[in-house]
Amino acid sequence: MTQTAPHQSDAAEQQAREQAVTDEVAASFATSTSDRYREVMTSLVRHLHGFARDVRLTHAEWETAVDFLTRTGQISNGRRQEFIMLSDVLGLSMLTVGINAPASRGATESTVFGPFFVDDAPEVQLGGDIAQGAKGTPCWVSGQVRSTDGTPLAGVRIDAWEADEDGLYDTQYEGNRTAGRGWQVTGEHGEYRFWSVLPTHYPIPDDGPVGELIAAAGRDSMRPAHIHFKVTAPGHRTLITHVFVAGDEYLRNDAAFGVKDSLIAEFTEHQGGTEPDGTTRQWRQVEFDLVLAREEQP
Ligand code: BEZ
Ligand code: FE
């Protein structure tokens, strides 16, 4: 008797045993209380099991993954969201953006939300300053919020947040200082305008599990300079996006895969007055319109 036949049947038996586990678990969701829950969980089980079979997941690797996810949860809090960052660096955020915000003619493109949004940012009047002590070259940010048909969207909420010139968000400093973030309501022609600081590129936080992942992959951890926006208007898809600084050296190498060419804008340089000590003040300006797609009619 040759060795080949028993080996082949061993392999087939092993495959059948593995498939039976997957089928049994998938079937356990048949009684789900909603069709969508059943669909999502059954697919999740099939893909997750498929992944484990594909890489022949070892017990040690399974333990490493459990430890990684445990620590991802432990380091997250109201001011740090390591799970969002994990989703960002795995490209899941941009894939979800692509699925849910399909390119709509004339609308501003969407990009990642990121882990640094906070709910309790201050309201800043039109023309006010969201820097509130964030360090950096002053930057005047303005534009119009409108619908894809050109209608100005007056009285809608626009949130903005960004890192300072050291590449840090306020939430990355000790204490509870709020700086480099705020929201305002657009004026009667849909206009928004505020002072802030010129954003700079920055490394994503490397002191947690996501930093370990980036290091183990030998990847760059930089995000190109940007300001985040979230715009909410009745009857329209909420827009979550950035404006990126033209010329930034990391535009083609974003750790979160979030750059779209249409979101890159010039931050024009201006010379201001002269300080008593003879230094010349400098400031920047960017104009960036935010165009929202209408919500699909049912
Ligand atoms: C951000 O843009 O704030 C961000 C996105 C992904 C990872 C880290 C930070
Ligand atoms: Fe950011």
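The values are calculated or read from the model by the stated rules, or taken from the named source; none is laboratory data. This one's a predicted model, so the numbers in the text were calculated from it and none came from an experiment. All Cβ positions, glycine included, derive from the backbone under ideal geometry; neighbour counts span all protein chains shown. Remember, those area values only see protein heavy atoms, side chains included, never the ligands or the DNA or RNA. Shrake-Rupley method; radii C 1.70, N 1.55, O 1.52, S 1.80 Å.
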>> Expected output is a single nm value to one decimal: the length gained when fully extending between Arg80 and Val118, i.e. 0.36 nm times separation in residues minus the C-alpha distance. What is it?
In response: 12.7 nm
> What distance in nm separates the simple spin-label points at His7 and Asp206, each placed 7 Å from Cα in the Cβ direction?
Replying inline: 4.6 nm
>> Under the rule of at least 5 residues apart or a separate chain, name every residue whose amide H is placed under 5 Å from the amide H of Val197.
In response: Cys139
> For segment 82-292, what is the percent of antiparallel DSSP beta bridges, rounded to the nearest 5?
Replying inline: 75 percent
> Taking θ as phi - 60°, what are the ³J(HN,Hα) couplings along segment 148-163 by the Karplus curve (6.51, -1.76, 1.60), each to the nearest whole Hz, with x for Gly and Pro?
Replying inline: 4, 8, x, 5, x, 9, 8, x, 9, 8, 10, 9, 9, 8, 6, 7
> For Asp149 and Ser28 in one chain, what is 0.36 nm times their gap in residues minus the Cα-Cα distance, to one decimal in nm?
Replying inline: 38.8 nm
> Any idea which of Thr33, Gly50, Thr22 is furthest toward the positive side of the dipole for segment 9-57, if Lys and Arg beta-carbons carry +1 and Asp and Glu beta-carbons -1?
Replying inline: Thr33
>> Pick from Thr31, Thr137, Thr280 the residue whose mean-square fluctuation is largest in a GNM of the chain, springs joining Cα atoms under 10 Å.
In response: Thr31
> For His270, His7, what's the largest-to-smallest order of accessible area, 1.4 Å probe?
Replying inline: His7, His270
> Excluding the sites themselves, what is the longest stretch of the chain that contains no GluC sites (Glu not before Pro) in a DSSP loop with at most 11 other C-beta atoms within 10 Å?
Replying inline: 1-173
> In sequence order, what are the phi-derived ³J(HN,Hα) couplings for segment 74-80 according to the Karplus relation 6.51 cos²θ - 1.76 cosθ + 1.60 with θ = phi - 60°, rounded to whole Hz, with x for glycine and proline?
Replying inline: 5, 8, 7, 7, x, 10, 9
>> With 15 Å as the cut-off, how large is the P(r) tail for segment 196-298, expressed as percent of Cα-Cα pairs?
In response: 71 percent
>> Could you report segment 256-298's accessible area per residue, 1.4 Å probe, as an integer in Å²?
In response: 66 Å²
> Per the 1.4 Å probe, what fraction of the accessible area of the chain, in percent, lies on carbon and sulfur atoms?
Replying inline: 53 percent
>> Only Cα pairs within less than 10 Å get springs; with that Gaussian network setup on the chain, which residue of Pro224, Pro122, Pro276 has the largest fluctuation?
In response: Pro276
>> Taking θ = phi - 60°, what integer Hz values does the Karplus form 6.51 cos²θ - 1.76 cosθ + 1.60 yield along segment 275-284, in sequence order, with x for Gly and Pro?
In response: 6, x, 7, x, 6, 9, 6, 10, 9, 10
> What translational D, rounded to a whole number of µm²/s, comes out for segment 9-57 from Stokes-Einstein when the hydrodynamic radius is the Kirkwood one over Cα pairs, at 25 °C and 0.890 mPa s?
Replying inline: 213 µm²/s
> Under a point-charge model restricted to the Cβ atoms of Lys and Arg (+1) and Asp and Glu (-1), what is the dipole moment magnitude of the chain relative to its Cα centre, in debye to the nearest 20?
Replying inline: 560 debye
>> With only alpha-carbon pairs counted, each pair once and no self-pairs, how large is the Kirkwood hydrodynamic radius of segment 66-193 in angstroms?
In response: 16.7 Å
> In terms of modelled amide H atoms, which long-range or inter-chain residues lie less than 5 Å from the amide H of Glu191?
Replying inline: Val145
>> Can you tell me the length gained on complete extension of the stretch Leu69 to Asn100, counting 0.36 nm per residue apart and subtracting the Cα distance?
In response: 8.6 nm
> Which of these, Arg223, Arg46, Arg71, has the largest mean-square fluctuation under a Gaussian network model of the chain (Cα springs below 10 Å)?
Replying inline: Arg46
> How big is segment 82-292 by the Kirkwood estimate over distinct Cα pairs, in Å?
Replying inline: 17.7 Å
